[in-house]
């Protein structure tokens, strides 16, 4: 596995070594020892989640607060998404900045998002399966988020807004300014 830190400190793009032959392919999707060396930090994942979505579904921007903050290692098993991570660490030099990256079954790229980030994605192909590991358990009372079309963040989702499929809950998320005044 090869890892490269993004402009957002602690956020890494990970690319596995893929072995192709006439039967198909093989790759190691996760190895705790290699992963910890790549990010130069010990991270123990304790929960795996998976979602299935249609083209146009936008999930996010979500995060958990306090003792239930989560780091995530995300990837696409089937299909394609545009994945977005927003730095919400108040004392970070990149506070309020974001990165976006296309994750797909073809490129097999993974993104490590440390604690202190909001996360979201838009689905670019039907029947997309998204998988992620978390280093902390989900806690409903600790969930929070930022509205996907926040004017301060100016995220380009590369998708026509009138074709987005967004949950009612996500449509009601607060703005970045309202959360971090």
Close pairs (6 angstrom Cβ cut-off, 6 or more residues apart or separate chains): under 15 Å from residue 134 (Cα atoms) in the stretch 34-45, surrounded by fewer than 13 Cβ atoms within 10 Å (Cβ to Cβ) anywhere: 36/42
Within the stretch 1-38, tally of residues that are loosely packed, with under 14 Cβ neighbours inside 10 Å and part of a strand (DSSP E or B): 10
Scope the stretch 48-69; condition touching a helix residue (DSSP H, G or I) at 6+ places or on another chain (Cβ under 7 Å), under 19 Å from residue 140 (Cα atoms) and assigned to a loop (DSSP other than H, G, I, E, B); matching residues: 65
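Pick out the one residue from 114, 93 that is within 30 Å of residue 154 (Cβ to Cβ) and more than 14 Å from the chain's Cα centre (by Cα).
Details: 114 fails: more than 14 Å from the chain's Cα centre (by Cα).
Testing whether each residue is within 30 Å of residue 154 (Cβ to Cβ) and more than 14 Å from the chain's Cα centre (by Cα) leaves just 93.
Being within 19 Å of residue 43 (Cα to Cα) and modelled with pLDDT of 95 or more is true for just one of 127, 136, 149, 107. Which residue is that?
Numbers: 127 fails: within 19 Å of residue 43 (Cα to Cα); 149 fails: within 19 Å of residue 43 (Cα to Cα); 107 fails: within 19 Å of residue 43 (Cα to Cα).
Testing whether each residue is within 19 Å of residue 43 (Cα to Cα) and modelled with pLDDT of 95 or more leaves just 136.
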Tabulated pairs, the stretch 1-29, first on the phi > 0 side of the Ramachandran plot and in contact (Cβ under 8 Å) with a residue 40 or more places away in the chain, second assigned to a loop (DSSP other than H, G, I, E, B) and surrounded by 10 or more Cβ atoms within 10 Å (Cβ to Cβ), C-beta under 7 angstrom, 6+ apart or interchain: 10/114
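For the stretch 70-95, which positions are in contact with a strand residue (DSSP E or B) (Cβ under 7 Å, 6 or more places away or on another chain) and part of a loop (DSSP other than H, G, I, E, B)?
Taking the stretch 70-95 and keeping what is in contact with a strand residue (DSSP E or B) (Cβ under 7 Å, 6 or more places away or on another chain), we get 70-88, 94-95.
Passing the criteria: 70, 71, 79, 88, 94, 95.
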Residue 154, sole failed condition from (1) surrounded by fewer than 17 Cβ atoms within 10 Å (Cβ to Cβ); (2) touching a residue at least 12 places away in the same chain (Cβ under 8 Å); (3) part of a loop (DSSP other than H, G, I, E, B): (2)
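The values are calculated or read from the model by the stated rules, or taken from the named source; none is laboratory data. Predicted model only: the values in this text are computed from it and were never measured. Virtual Cβ from ideal backbone geometry, glycine too; neighbours counted across all protein chains shown.
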